[in-house]
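Comments concern the structure below.
Every number here is computed from the coordinates shown, using simple stated rules; none is lab data. In this text the structure is predicted, and so the values were computed from the model without any measurement. A quick note on method: Cβ atoms are made from the backbone with ideal geometry, for glycine too, and the neighbour counts reach across all protein chains shown.
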Amino acid sequence: MSKIISYFTKSEFVKNALTLTFGSVIAQILPLIFYPILGRIFLPAEFGLLATLSAITAIIAIISSGMYESSILISKSKQEAANIVGLILLRSLKILLVFFILLQLSGYQIGKWLNEPDLHKWIFVCPIGAFSIVVFNCFNEWCVTNKYFVRLSWNKIINTSSITIGKVAFGIIKIFGNGLIIGDLFGKVITAGSCVFRALKYDKKDFLNISYSQFKPLTKKYIEFPKYSMPDQLLSNIGGSIPVFLIAAFFSSTEVGYFSIAATVLTVPISVISAAIRDVFRQRANEECKNNGNCKNIYKRLLIILSTAGIVASIAGFFILPDLFSIILGTQWRISGIYSQILLPMFLLSFVSMSLSGVLIITKKLRISMYWQMYYVCSTLLSCLVGIFVFKDIKMTLLCFCIGRCSAYALYIYLSYRYSKIGISIQQT
């Protein structure tokens, strides 16, 4: 018992994880407080349209950055990391300008495919939101690399708070039509601006010394990230977007709204804890791989703890979810509570795998990660199609989707555990 107490009171890992967890918890207070208001201001169909736009935004954000932000963590120096940030921002601006033009030209057709007639009116927000996400991700990686965990916590607080307040404010004043979409974009832009301000305030010297001449060498040096990590993450986001797109196309935007709210509410407690653990775990696992040749010890300890906590929380939550949704969001959202019961096993495995993700990047096993993402997308697509065409029922579709995703997350946990044990040999190959 004394050893356990000593570990939790003296461990740098625990202190950093608690710092990020505290920041993440604070960051989620406002969304949780205002969910009852949002659920009564906006209709399920409006949440469905936002979910579709968000899926498109996430995909083009990955393409524009090339996932070069993942290389910030393994950069050789602080100045090199700053140059990587400059490379990413310039690359993203160029690519997103092209996307802006293409989306404007094809908005009507995309809306027709996805059964969203109003999508063309709002598709312009996707490139703007995507660039804001790129800035946010770069700043997060910068903070993780330099152990600025307090700043990282503030970044999470500003992000969720500005998005939530924006949605509520624009939903009430109703100036721009769909306040949910405008509020979401407003929050993303405010967050990106805050990241730039604080980066220049605290690390101005590093960023003012960025050299354009270094961009090309860095592009070649970290070419594995757009080559393997970008397809990997792109497949992940496509896999995440598949149920949104298919439900919209074969059912309705209202069903997308119920599904997206169910997924969002379940994601809140998961993201609060897993994001904090993941950021600290990646930094600590990277150090252990460099010093010991592997990171199996910290991986095994966290795997046992997270699995046990996740199972207990899932069992307790299963019986109260429909009533919880009805009380907090309103009776019209009880359906989302039922959907969340169906999806609960998937989110349990997602929690464990997300918390311990990063092993395949740290050990530079990017190709394996990309292969897993292929399985992730295929299992998601096939399971959804089985539910749609065989059962022709939204609940059965979600059940099939859950089973497919569970198999993918279980496989990822196995792979990350396997390579945590042989990290040094992978880094040398």
Give me the distance in nm between label points sitting 7 Å out from Cα along the Cα-to-Cβ direction at Lys205 and Arg40, one decimal.
-> 5.4
Pulled fully out, how much extra length does the chain show between Phe318 and Ile338, if you take 0.36 nm times their separation in residues and subtract their Cα-Cα distance?
-> 6.3 nm
Apply 1/(1 + (r/R0)^6) to the Cβ-Cβ distance of Thr219 and Lys147, taking R0 = 30 Å, and write down the FRET efficiency to the nearest 0.05.
-> 0.65
Sum of -39500 (n - 2.57) over DSSP H runs of 4+, divided by residues of the chain (222 nm, nearest 500) = -28500 deg cm²/dmol
Volume in Å³ per residue [convex hull over Cα atoms, computed for the stretch 152-194] = 48
In nanometres, what is the gap between the two model label sites at Ile403 and Ile26, each 7 Å from Cα along Cα-to-Cβ?
-> 4.5
One would report the Cα pair-distance distribution of the chain, bin width 10 Å, in %, as 4, 20, 33, 28, 12, 2, 0
Counting every Cα pair in the stretch 15-220, what percent are over 27 Å apart?
-> 36
Is there a pair in Lys78/Lys296; Lys76/Lys365; Lys221/Lys296; Lys147/Lys221; Lys220/Lys364 whose C-alpha atoms are over 22 Å apart, and which pairs would that be?
-> Lys78/Lys296; Lys221/Lys296; Lys147/Lys221
Taking Rh as the Kirkwood radius computed over C-alpha pairs, what is the Stokes-Einstein D of the stretch 343-429 at 37 °C in a medium of viscosity 0.692 mPa s, expressed in µm² per second?
-> 238
Would you please classify the overall shape of the stretch 82-160 from the alpha carbon gyration tensor, given that a ≥ b ≥ c denote the square roots of the eigenvalues, rounded means a/c under 1.5, and beyond that prolate means a/b larger than b/c while oblate covers the rest?
-> oblate
Using every Cα-Cα pair within the stretch 62-109, state what percent have a distance larger than 13 Å.
-> 60
Contour minus Cα-Cα distance for Ile173 and Ile305 (0.36 nm per residue) | 42.9 nm
Evaluate the distance, in nm, between pseudo-label points positioned 7 Å from the Cα of Ile328 and of Lys94 along their respective Cα→Cβ axes.
-> 4.4
Quick one: Kirkwood hydrodynamic radius for the stretch 258-322, alpha-carbon pairs, angstrom, one decimal?
-> 13.8
Rounded to whole Å and ordered largest first, report the semi-axes of the equivalent ellipsoid of the stretch 223-429 derived from its Cα gyration tensor (root of 5λ).
-> 33, 20, 13
Hydrophobic long helices for the chain, i.e. whole DSSP H runs reaching 27 angstrom or more by Cα along the axis with Kyte-Doolittle mean at least -0.5, come out as 12-41, 44-65, 78-113, 125-145, 149-173, 179-208, 230-250, 253-292, 296-318, 334-355, 366-386, 394-421
